[in-house]
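Colleague: Structure below; questions to follow.
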Amino acid sequence: MKRDLISMLDVKDDLEEIIDLGIKLKQKSKRGRSIELMKGKTLGMIFEKSSTRTRVSFEVGMTKLGGHAIFLSTNDIQLGRGETIEDTALVLSRYVDIIMYRAKNNQDMKELAKYSTKPVISGLDDKEHPCQVITDLMTIKEKKGSLKGLNFVYIGDGNNNMAHSYLLGCGIVGMNVKIVAPKKYWSDGYYVEKAKKFGVNVEVTDNIEGSTKNTDIIATDTWISMGDEAEKVKRIKDFQGYSIDEHLMSLANPDAIFMHCLPAYYDYEVTKEVAHGKQSVIFDEAENRLWAQIGIMVTLTNQ
Ligand code: CP
Ligand code: NVA
């Protein structure tokens, strides 16, 4: 039975095992040892949206695993000219061993997974960004030693893919999660309710004042996700007052870390002083995309 990763809920039973595998293979590779666990395997990577980290980390990850990755932009493949997702999935499944898909919407992601006979990994859609959140939890575990009981706050667009995957990811590993966003950007209730079911404290608020007190991790993301460009002017206005600056960081626990999946837009969701400051782990996070996804690909192809 093939296994997909489209939502954080797809890893609810073995999330920490995947994280630990990523950490173990990172350490092994850094010691100069081979991690060629997917020799001769091929990853097909379909991109409907731009990417720097996802594209490069999946491709390098596959190389480290002894396999090969193929970059498939919808500008070039027949999917972009109207071939169905169903036929694309059925054809690619005959060639490749695993598929990564960065999709405009979650319906298309589910459709590809439905018809693919090989595991499908989301490289982001409009609802979730699970690879990034698994990476972030791995980074937190490396920095803090463990995850359970930590206090996580996300400030910014609460209704985007990162916020939704953070809600589920924090719930699964037992971290308390707070989403701070203007009311019209509050998270989809589905993700809030799912997170609560894991028994952690879940709070959604528009009150940024003092919101970082007693916090171990402060995270944000762009106010204008891919696909939201038409609303840019409105969003910049709506999010005024929700920038993370040194004052907000100073209210958090002294060893708090700052996270951002990148790309960042300085002086909007965060100042450059914070993003490049001593509490920031944004470039460790970017690196860990590589190692977390190695853990994910090995896990999904070994079911
Ligand atoms: N964080 C992330 O997914 O970055 P890219 O859009 O560059 O892949
Ligand atoms: N929320 C952002 C994440 C980019 C990695 C977007 O969807 O554009």
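Where a number appears in this text, it was derived from the coordinates with a stated rule and is not lab data. Note that this is a predicted model, so its numbers are computed, not measured. Reconstructed Cβ throughout: ideal geometry from the backbone, glycine too, with neighbour counts over all protein chains shown.
Colleague: Take the alpha-carbon positions of the stretch 215-272, form their convex hull, and give its projected area averaged over all directions (one quarter of the hull surface) in nm².
Modeller: 4.1
Colleague: Moving on to the next point. In percent, how large is the relative contact order of the chain, given Cα pairs closer than 8 Å and 6 or more residues apart?
Modeller: 20
Colleague: Now for a separate question. Using Cα positions and a limit of under 17 Å, work out the lysines in reach of K234, with same-chain residues fewer than 8 apart set aside.
Modeller: By straight Cα distance, K234 reaches K183, K184.
Colleague: When a footprinting reagent is the concern and you count Cβ atoms within 10 Å, what order do I282, I179 take, fewest first?
Modeller: Going from least to most buried by this count: I282, I179.
Colleague: Let me ask another. Between helix 282-300 and the chain, what is the angle of the helix's C-alpha long axis to the longest principal axis, kept within 0 to 90° and rounded to the nearest 10?
Modeller: The angle comes out at about 40 degrees.
Colleague: Which of the aspartates and glutamates could a cross-linker span from K272 if the Cα-Cα distance has to be under 18 Å and same-chain partners fewer than 8 positions apart are dropped?
Modeller: The qualifying aspartates and glutamates are D221, D245, E246, D284, E285.
Colleague: Hey, if you put +1 on the Cβ of every Lys and Arg and -1 on every Asp and Glu Cβ in the stretch 123-189, which of H164, T135, G174 ends up farthest toward the positive end of that dipole?
Modeller: G174
Colleague: In a shell of Cβ-Cβ distance under 11 Å around I121, excluding I121 itself, what net charge do Lys and Arg (+1) and Asp and Glu (-1) give?
Modeller: Once all neighbours under 11 Å are counted, the net charge is +1.
Colleague: Would you please calculate the Kirkwood hydrodynamic radius of the stretch 240-303 over all C-alpha pairs and express it in Å, rounded to one decimal?
Modeller: Taking the inverse mean of 1/r over all distinct Cα pairs, the stretch 240-303 comes out at 13.4 Å.
Colleague: Also: Have a look at T42, T74, T54 and tell me which one the Gaussian network model of the chain (Cα, springs below 10 Å) gives the largest fluctuation.
Modeller: Largest GNM mean-square fluctuation: T74.
Colleague: A further question follows. Could you check the simple spin-label distance between D13 and N214, using points 7 Å along Cα→Cβ, in nm with one decimal?
Modeller: 3.5
Colleague: When N is the residue count of the stretch 1-69, what does its C-alpha Rg come to as a fraction of 2.2 N^0.38 Å?
Modeller: For the stretch 1-69, the normalised Cα radius of gyration is 1.23.
Colleague: What's the angle, to the nearest 10 degrees (0 to 90), between helix 130-144's Cα axis and the longest principal axis of the chain?
Modeller: 60
Colleague: Count the lysine pairs in the stretch 94-161 whose Cα atoms sit under 24 Å apart, keeping only pairs 8 or more residues apart in sequence or on different chains.
Modeller: Total qualifying Lys-Lys pairs in the stretch 94-161 comes to 7.
Colleague: For the chain, what log10 I(q)/I(0) values come out of the Debye formula at q = 0.07, 0.10, 0.13 1/Å, with one point per alpha carbon and no solvent?
Modeller: For the chain, the Cα-only Debye profile gives -0.25, -0.52, -0.89.
Colleague: If you fit an axis through the alpha-carbon atoms of helix 15-30 and take the longest principal axis of the Cα set of the chain, what angle between them do you get, 0 to 90°, nearest 10?
Modeller: So the inclination is approximately 80 degrees.
Colleague: Tell me, how many Å apart are the Cα centres for the stretch 229-297 and for the stretch 83-140?
Modeller: Using only Cα atoms to place each centre, the spacing works out to 25 Å.
Colleague: How big is the Cα convex hull of the stretch 103-175 in projection, averaged over all directions, in nm²?
Modeller: Result: a mean projected hull area of 5.5 nm².
Colleague: Further, regarding this structure: Residue separation times 0.36 nm, minus the C-alpha to C-alpha distance between Y190 and D76: what's the value?
Modeller: Full extension from Y190 to D76 adds 37.5 nm.
Colleague: Using a Cα-Cα cut-off of under 16 Å, which aspartates and glutamates could be cross-linked to K194, ignoring same-chain neighbours fewer than 8 residues away?
Modeller: In chain and number order, the partners are D10, D13, E128, E203.
Colleague: Expressed as a fraction of 2.2 N^0.38 Å, the rule-of-thumb size for a compact globular protein of N residues, what is the C-alpha radius of gyration of the stretch 182-303?
Modeller: For the stretch 182-303, the normalised Cα radius of gyration is 1.20.
Colleague: Would you kindly state how much longer the chain becomes between D255 and Y95 on full extension, computed as 0.36 nm times their sequence separation minus their alpha carbon distance, in nm to one decimal?
Modeller: That works out to 52.8 nm of additional length.
Colleague: Return the FRET efficiency for the residue pair Q27, E231: r is the Cβ-Cβ distance, R0 is 30 Å, and the value is rounded to the nearest 0.05.
Modeller: The computed FRET efficiency comes out at 0.10.
Colleague: Pull out a ≥ b ≥ c, the square roots of the eigenvalues of the alpha-carbon gyration tensor of the stretch 22-155, then state rounded if a/c is under 1.5, prolate if not and a/b is larger than b/c, and oblate in the remaining case.
Modeller: Here the stretch 22-155 falls in the oblate category.
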